[in-house]
Every structure is written in C-alpha cells, then in structure tokens.
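Shown next, in structure tokens, is the structure this report addresses.
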Amino acid sequence: MIVKMVSSTWYCSAQDIIYVPVVVHVVYSSEAQNVSDDQIRSQIIALNADYRRLNADASRTPSEFVSVAADAQIIFYLATISDAGEETDGVTRTPTTHGVFANDDIHFSELGGRDAWNVLEYLNIWVADLPPGVQGFASTPEGIDDTDGVVIDYESFGTFGTAKIPYHLGRTLTHEVGHYLGLKHPWGTTGGCDDDDGIEDTNNQTGPVTICASNNSCNSPDMVQNFMNLADDECLNFFTKGQASAMRGILSTVREELVNDDKGYSVIAGVDFTRSFETRLHPNPSSDGRVTLTTISNFNTCRVFDVQGRPVPYSMRKVDGSWELRLNEKGTYLVKLMGRDYQTTSKIIYE
C-alpha cells in the first residue's frame, strides 16, 4: 500500500492523506443525461470538500456535535491512467438504449451499461437515469465483484447542470461513498434504539430522519446533519471522528489496493484539498477598497493589519455565500483569518 505523506502547517492532524483514483462512467439515453465535464468536476470538488471538512456549511454543524466532527483526510481524484494503461481524463461516456436502470445492468456493457474498470484499483462511479425516488446506491466492502462501486442518478449528481433541488450539493455521492467505505446509517440495519452503526461517537436513533430539525429518538440528539443520514443536501454537513477512522480502516485493509499516490492530484479545479483552509481574495488589487473573500472552510475571527502590523478598521458583510470586506484607505494590508485550530494570512492591495 502506498500512502502519501504530507508535511504541512495548514492542518493539524498527524494522519497521512489517502488518495483514491476515481472513474466516472456516464451512461446516457438522452443528451440531458450526458452530464458535462464541468458538472463532473463540481461533484469531485464537493466530494472532497465534504471528506476534508472543507465544506462551506461546516459552520452549521450543531454545537453539540462540533467536538466529534472530523476531517477524514481522504482525497478523491479523477484517474489520469486507465486500467488499460492509457492516458485518461477519468471519464467514460456510453450512449445506451436501455432506458431507466433499475438493476445491475448499469455495470455491464453487454446489458446496455458500462463495464467497470478494475474494481480493486479504482472507485467506479456510474451516472445514469435511475427509477423515481432513487438518488443512488452503493456496494459495500463485503463481497467485491464486477458491480463494485457507486451509482448516482444524473439529477442528484454534482452541484449544477442536471442536479435538482433538494439533491443539488453533491451529498448523494458523499453518502453513498460512505457506504462504499463501510459506513452504515446511524440507525444500523434494522433500526430501533437497540441497533446502531457500530460507530462509538454516532448517537443511536430509531430510524431515518428526513426533516432538518432537532430530533431526539434514543435519549440523545439525533445526528440529523450527519452525511449518513437521509435529510436533504442543504442539511448534511459532517462525518464523525469514528466514521472517519472506520473509512480509513477499510482503505488500509479490504480496499487497500485503491490507495495510490503516484498520480494523486490534490489540486482539483484550482482547489488544494491538502489544505485545511483555502481562501481567495478578488479583485486583488482592488480599485475601490471592496474585496470579495471566498473560503471553502469556516473561520471565527478576522483581523486586518497594515504592513507594520498595526490593526486597521474595516467592515465586513455576507453576500451570496461569500464575504465582502471593505477597507477605508488605500494601502497594502494583511488579512488574518483564524479558525478553531488554524489560521491563514493573505495580502490585499487597495490602490
């Protein structure tokens, strides 16, 4: 097994980042189902943000669960070498006359689907038209065969394009990959307070919770916002430390041949997922003192200093999911953002 060693001041965990190559098989019977490369990239970005706890809505994790919320330190990247040893973009496209895929036909070319790449060395993801009410499904680490992987409906994949509310933030794949890496739903197999998922730091609950509201079914708060629950995408925002450890355990045993770093990309569409804090400032330089600050993580403190290290006044407001920072006077400044366990400093020029 090869695991990438990363030495960085950007995140606090001593664990190694694990890299997993992905192939996306798009199987379509209409052009609408033939999701674009950009939509595929949006899904890979969303998947990595969730598994690295870099999702912008991580700040919405309820306070009672923040202490157990985790960065799994797993990065998924579109394969650059196919199982035939050829260069690839990690995407296959297969037209079909099959129609809706309600069974395992999706996994086999002779049945109108698409054969998997080597299931031991790639996470195979199929995107196709699934029956109404089915957003996706996944195999588990037990009994790996030619159907191993994850299947996602084309209307629940990615963060734009064909993705439809309420499954428009890529969380269907986040959830199903959790199953692929051995996680169960928080209520276990049969449900009820006497059954659970085998993870110590996930609270028991009697069954699925689909409404994003506080719920207490087994004498403790239900983790409604956990990625392995069944609420809408806008509700889900964290894995626990126990879940992260369990998934990494599967990648060190049953699925150890997946782990790869000789072609493991950590920068995907401009986002560096080896960092625990990624910030963009634009425009920079600014001509009017207003700068949009975009981050895929959360912070709790912002400070602005001049080049001599003296604090300077500024104003800040939330605009369409980003922050707008406004400076009062022209000059060069340092913006320091601080989270619970990290900080980053960026330079702004107001000219």
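Diagonalise the Cα gyration tensor of region 98-240 and give the resulting equivalent ellipsoid semi-axes, square root of 5 times each eigenvalue, largest first, whole Å.
28, 18, 12
The radius of gyration of the Cα set in the chain, together with its Dmax, comes out at 21.4, 69 angstrom.
Label-to-label distance, Asn215 versus Val134, with points set 7 angstrom from Cα along the beta-carbon direction: 2.4 nm. A simple charge model with +1 on the Cβ of Lys and Arg, -1 on the Cβ of Asp and Glu and nothing else charged puts the dipole of region 118-163 at about 180 debye relative to its Cα centre. Sequence-ordered 3J(HN,Hα) estimates for region 205-214 from the Karplus curve with 6.51, -1.76 and 1.60 and θ = phi - 60° stand at 8, 6, x, x, 10, 9, 9, 7, 8, 4 Hz, glycine and proline given as x.
From its DSSP helices (H runs of at least four residues, each -39,500 (n - 2.57)), the chain gives a residue-normalised ellipticity at 222 nm of -3000 deg cm²/dmol. Taking amide hydrogens as placed 1.01 Å from N in the peptide plane, the amide H of Thr96 sits under 5 Å from those of Tyr28, Ser29, each at least 5 positions away in sequence or on another chain. What FRET efficiency comes out for His282 versus Ser109 if R0 is 51 angstrom and r is the Cβ-Cβ distance? Round to the nearest 0.05. Once the sixth-power term is evaluated, E becomes 0.70. Taking the chain as a Gaussian network of alpha-carbon nodes connected by springs under 10 Å, the highest mean-square fluctuation of the residues Phe157, Phe227, Phe137 belongs to Phe137. Amide hydrogen proximity for Phe238: with H placed 1.01 Å from N in the peptide plane, the residues at 5 or more positions away or on another chain lying under 5 Å are Phe227. Find the relative contact order for the chain and round it to a whole percent, using C-alpha pairs within less than 8 Å whose residues are 6+ positions apart. Across the chain, relative contact order equals 18 percent.
Local charge sum around Glu351 (other residues, Cβ-Cβ under 14 Å, Lys/Arg +1, Asp/Glu -1)?
Working: positive: Arg290, Lys330, Lys347; negative: Asp288, Glu329.
The answer is +1.
Around the amide H of His168, modelled in the peptide plane, lie the amide H atoms of Asp233, all under 5 Å away and 5 or more residues distant in sequence or on another chain. Here's the picture: charge each Lys and Arg Cβ at +1 and each Asp and Glu Cβ at -1 in the chain, and of Val68, Met228, Gly289 the one pushed furthest to the positive end of that dipole is Gly289. If you take the Cα centroid of region 80-103 and the Cα centroid of region 185-235, the two points sit 35 Å apart.
Scalar couplings 3J(HN,Hα) for region 93-102, obtained by applying the Karplus form with A = 6.51, B = -1.76, C = 1.60 to θ = phi - 60°, are 10, 10, x, 8, 10, 5, x, 4, 9, 10 Hz; x denotes Gly and Pro.
Where both residues lie in region 65-181, what percent of DSSP beta bridges are antiparallel, nearest 5?
Details: 4 of 8 bridges.
Roughly 50 percent of the DSSP beta bridges within region 65-181 come out antiparallel.
Expressed to the nearest 5 percent, the antiparallel share of DSSP beta bridges inside the chain is 65 percent.
Suppose every Lys and Arg Cβ carries +1 and every Asp and Glu Cβ carries -1, with no other charges. What dipole size does the chain come out with about its Cα centre, to the nearest 20 debye?
Numbers: 26 positive and 48 negative charges, 426 e Å.
Dipole magnitude for the chain comes out near 2040 debye.
Taken one residue at a time, the phi angles of region 55-63 give Karplus couplings (6.51, -1.76, 1.60, θ = phi - 60°) of 5, 4, 8, 4, 5, 8, 4, x, 4 Hz. Gly and Pro are set to x.
Pairs of Lys residues in the chain, spaced 8 or more positions apart or belonging to different chains, with C-alpha separations under 19 angstrom: 5 in total.
Taken together, the values in this text are just the output of simple stated rules run on the coordinates, not laboratory data. This one's a predicted model, so the numbers in the text were calculated from it and none came from an experiment. All Cβ positions, glycine included, derive from the backbone under ideal geometry; neighbour counts span all protein chains shown.
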